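The block underneath contains the structure these notes are about, expressed in structure tokens.
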Amino acid sequence: MRLVLLGAPGSGKGTQAARLKEHLQVPHISTGDLLRGEVAAGSKLGLEAKAVMDAGNLVSDEILLGMLEDRFSRPDTAGGFILDGYPRNLAQADALDVLLKKIGQPMDFAVQLEVPTELLVQRIAGRAAEQGRVDDSPEAVRTRLKVYDDVTAPVIEYYRQHGRLTVVDGVGSLDVVFTRIIEALEPAPTVG
Ligand code: B4P
């Protein structure tokens, strides 16, 4: 299964991807986690990315693509993957199509988790209290939501227009949302 998870910050992508990984037995590739790993390691890339991430903005397409190419070159992705957090703009959507074509692994599903903005803000505030992520501060969250509306939402439209989008209601308990995603990935029964 080759799955791309889309949705606003706080929509549950990372949360559900962790569960889907067990269910589907494919690796979870989170560009947010890859970037946070670079920051924690204090690499040159991490140092460059940190301020941008903390403010709630997008890290450069060039850095992201390099990181992704590197991750996809590892053999564990040969049997499929769950990609979470990428693409976040139209240039990244194009780059992903090219990359997946090059490695002969076209995506099966682009799943969007749909959650109203008030709930996104509530969830992120909850995580801010628990984990203290710098980019979960109210100011950074405002920026992240604006960036999502301005540059990431067109990616959803792009997949919709190309008939590759599956929309899943992301409101409900973790189990309920998980079950909805699994059902959405099942092939529709043939009629007659
Ligand atoms: P990400 O790590 O992708 O952060 P995110 O959008 O907030 O999603 P996340 O997966 O962490 O949260 P989730 O919705 O699961 O990105 C962080 C930053 O990295 C970006 O701002 C950017 O700077 C950079 N970056 C990443 N990818 C990039 C790219 N492609 N290009 C450029 N820059 C990039 O969960 C949020 C909270 O909701 C959790 O606390 C969770 O417990 C809770 N929750 C989830 N589901 C719930 C449910 N059903 N009910 C109640 N609570 C729920």
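Throughout, read-outs are computed from the coordinates displayed, never taken from laboratory work. For clarity, every value in this text was computed on a predicted model and none was experimentally measured. Note: ideal-geometry Cβ built from the backbone for every residue, glycine included; neighbour counts use all protein chains shown.
Odds and ends about this structure:
- Residue that is in a helix (DSSP H, G or I), of a type in the set (A, V, I, L, M, F, W, C), surrounded by 13 or more Cβ atoms within 10 Å (Cβ to Cβ) and more than 17 Å from the chain's Cα centre (by Cα), where the choices are Ala91, Ala95, Ala128: Ala128
- Residues that are part of a helix (DSSP H, G or I) and under 22 Å from Glu62 (Cα atoms) within region 98-120 comprise Val98, Leu99, Leu100, Lys101, Lys102, listed in sequence order.
- Residue within region 22-36 that is in contact with a strand residue (DSSP E or B) (Cβ under 6 Å, 6 or more places away or on another chain), within 9 Å of the ligand (Cβ to nearest atom), at negative phi and of a type outside the set (Val, Ile, Thr) present: yes
- From the list Gly7, Gly37, Gly32, the lone residue that is within 19 Å of Val167 (Cβ to Cβ) and either of a type in the set (Gly, Ala, Ser) or buried (at least 18 other Cβ atoms within 10 Å of the Cβ) (or both) is Gly7.
- Residues in region 51-93 that are closer than 19 Å to Tyr148 by Cβ and of a type in the set (D, E, K, R): Asp54, Asp61, Asp84, Arg88.
- Meets criteria (part of a helix (DSSP H, G or I), within 8 Å of the ligand (Cβ to nearest atom), touching a helix residue (DSSP H, G or I) at 6+ places or on another chain (Cβ under 7 Å) and farther than 22 Å from Ile63 by Cα) for Arg123: no
For every residue, the table says whether it meets (1) assigned to a loop (DSSP other than H, G, I, E, B); (2) over 13 Å from the mean Cα position of the chain (by Cα); (3) free of Cβ contacts under 8 Å to residues at least 24 places away in the same chain; (4) near the ligand (Cβ under 10 Å from one of its atoms).
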{"residue": "Val4", "(1), (2), (3), (4)": "no, no, no, no"}
{"residue": "Ala8", "(1), (2), (3), (4)": "yes, no, no, yes"}
{"residue": "Ser11", "(1), (2), (3), (4)": "yes, no, no, yes"}
{"residue": "Ala40", "(1), (2), (3), (4)": "no, yes, yes, no"}
{"residue": "Met53", "(1), (2), (3), (4)": "no, yes, no, yes"}
{"residue": "Gly56", "(1), (2), (3), (4)": "yes, yes, no, yes"}
{"residue": "Met67", "(1), (2), (3), (4)": "no, yes, no, yes"}
{"residue": "Arg71", "(1), (2), (3), (4)": "no, yes, no, no"}
{"residue": "Asp76", "(1), (2), (3), (4)": "no, yes, no, no"}
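- Counting only residues that are more than 30 Å from Val52 (Cα to Cα) and without any contact (Cβ under 8 Å) to a residue 24 or more places away in the chain, region 134-181 holds 9 of them.
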